[in-house]
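Trainee: One structure, as structure tokens, below. Some questions next.
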Amino acid sequence: GAPEPVMQTCDEDDQAAMESVLSAITGGAEKDKREEEVRRPATLASMDFDDDMLTGSAGEGGFEPVMQTCDEDDQAAMESVLNRGVAACDIDEVDKNLAFAEFGAKTGKRAAFFDLDGTLCASNVVSQYAVAKLAKMPAWLKLFWVPFYACKCLVYLIVDKFSRTAFNNMFFGDFAGMDASEKAKAETARLVYDEYTSPRVFPAAVEAIAGLKRDGYDVVLVTGSVDFVVEPLAKAIGASHVIANALEEKDEKFTGKLVGPAVADDEKRVRIEAYARGAGYDLSKCAAYGDSYSDLPMLECVGDPRCVSPQNSLRIKAQKEGWPVLEWGAETTGENGGAPVAA
């Protein structure tokens, strides 16, 4: 008698949350106008546009914009960021257990494919961009850019509700004109990793990766984030390969276009199957980890799909199929401890 879950990335809760946080950004901007300077590029908090949305909060340290995702299973993560600290994970401390394979090394005959945002860490692709953008922005310009971008993200929210692929194609236009030199890309990647991604990695995810590697799995990241941005994380966890979006470049500037189809929805499955053929993996013996319904094609193409802190439609699907459900995302509530992530 119960209706089948429908494919969607956003729900009513996300809409209400967005309205609440957007109201906070206005108050934060007003406070900034009364300050003589903006202290430092704000740290933008978590969720999954993967596989996103700008919001903000005003605290004792000044206005801190927060990027909100439009993925249905990111609501709990947003509440965590607004109301609590994010549990951190010391990757360096766990590295001694991650076992033997360096980034790029293929050592096993099986692979574990990981979505990034909302699965490995409480992050989103829009936040990554905003961290990099704000880092080089004059203080006075931030007062105008933050509320402007908040409004722009509302459009992204609507688009992503209907198509993750369409969102990706639209969002990456924001990179147009940015420096695409190797030096600039390396600096951006390190900044985003140190200031944003690393502190939001789920400790349980790092422990799971260590166990998988001990069992002979290679780890492959499959993400809608930009390839060079996620490279520091891939190296930190000893990933064998990264499947990610690549930005078109011309005269050492980004054009705002993607190279090839956006890594989202069914394209994740297409990329995984192509990589598995070339690397010699039998997908029926491989695992995949995802948190959102848009990860379903990726989860269905392997023999061992696992859902990480899913909500709504993906949780219902997992229960129906008998897939394991892992509650890694609960760690963003601060209920589980964690040490600061080392660089």
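The values are calculated or read from the model by the stated rules, or taken from the named source; none is laboratory data. Please read all numbers here as calculations on a predicted model, not as lab measurements. Cβ placement follows ideal geometry from the backbone for every residue including glycine, while neighbour counts extend to all protein chains displayed. Calculation scope for accessible area: heavy atoms of the full protein, side chains included, ligands and nucleic acids excluded. Shrake-Rupley method; radii C 1.70, N 1.55, O 1.52, S 1.80 Å.
Trainee: Just how large is the dipole of the stretch 247-296 about the Cα centre, in debye to the nearest 20, putting +1 at every Lys and Arg Cβ and -1 at every Asp and Glu Cβ? It would help to have the intermediate numbers written out before the result.
Mentor: Numbers: 8 positive and 11 negative charges, 31 e Å.
In debye, rounded to 20, the stretch 247-296 gives about 140.
Trainee: Assuming 0.36 nm per residue, please report the length gained on full extension of the stretch ASP251 to ALA135 beyond their Cα-Cα distance.
Mentor: This chain segment gains 39.5 nm when fully extended.
Trainee: Shifting gears a bit: Would you be so kind as to identify which of LEU157, LEU221, LEU233 lies farthest towards the positive end of the dipole of the stretch 125-272, taking Lys and Arg as +1 and Asp and Glu as -1 on Cβ and the Cα centre as origin?
Mentor: LEU157
Trainee: Next question, about the same structure. Is there a pair in LYS142/LYS253; LYS183/LYS253; LYS213/LYS317 whose C-alpha atoms are over 20 Å apart, and which pairs would that be?
Mentor: Pairs exceeding the cut-off: LYS142/LYS253; LYS213/LYS317.
Trainee: Here's something else I'd like to know. Would you tell me the accessible area of TYR193, worked out with a 1.4 angstrom probe on the heavy atoms of the protein chains, in Å² to the nearest 10?
Mentor: Using a 1.4 Å probe on the heavy atoms, I get roughly 10 Å².
Trainee: All other residues with a Cβ under 9 Å from the Cβ of LEU247 taken together, and with Lys, Arg as +1 and Asp, Glu as -1, what is their net charge?
Mentor: Local charge sum for LEU247: -2.
Trainee: Okay, moving on. So how much slack lies between GLU273 and GLU300, counting 0.36 nm per residue of separation and subtracting their Cα-Cα distance, in nm?
Mentor: Result for the pair: 8.6 nm of gain on full extension.
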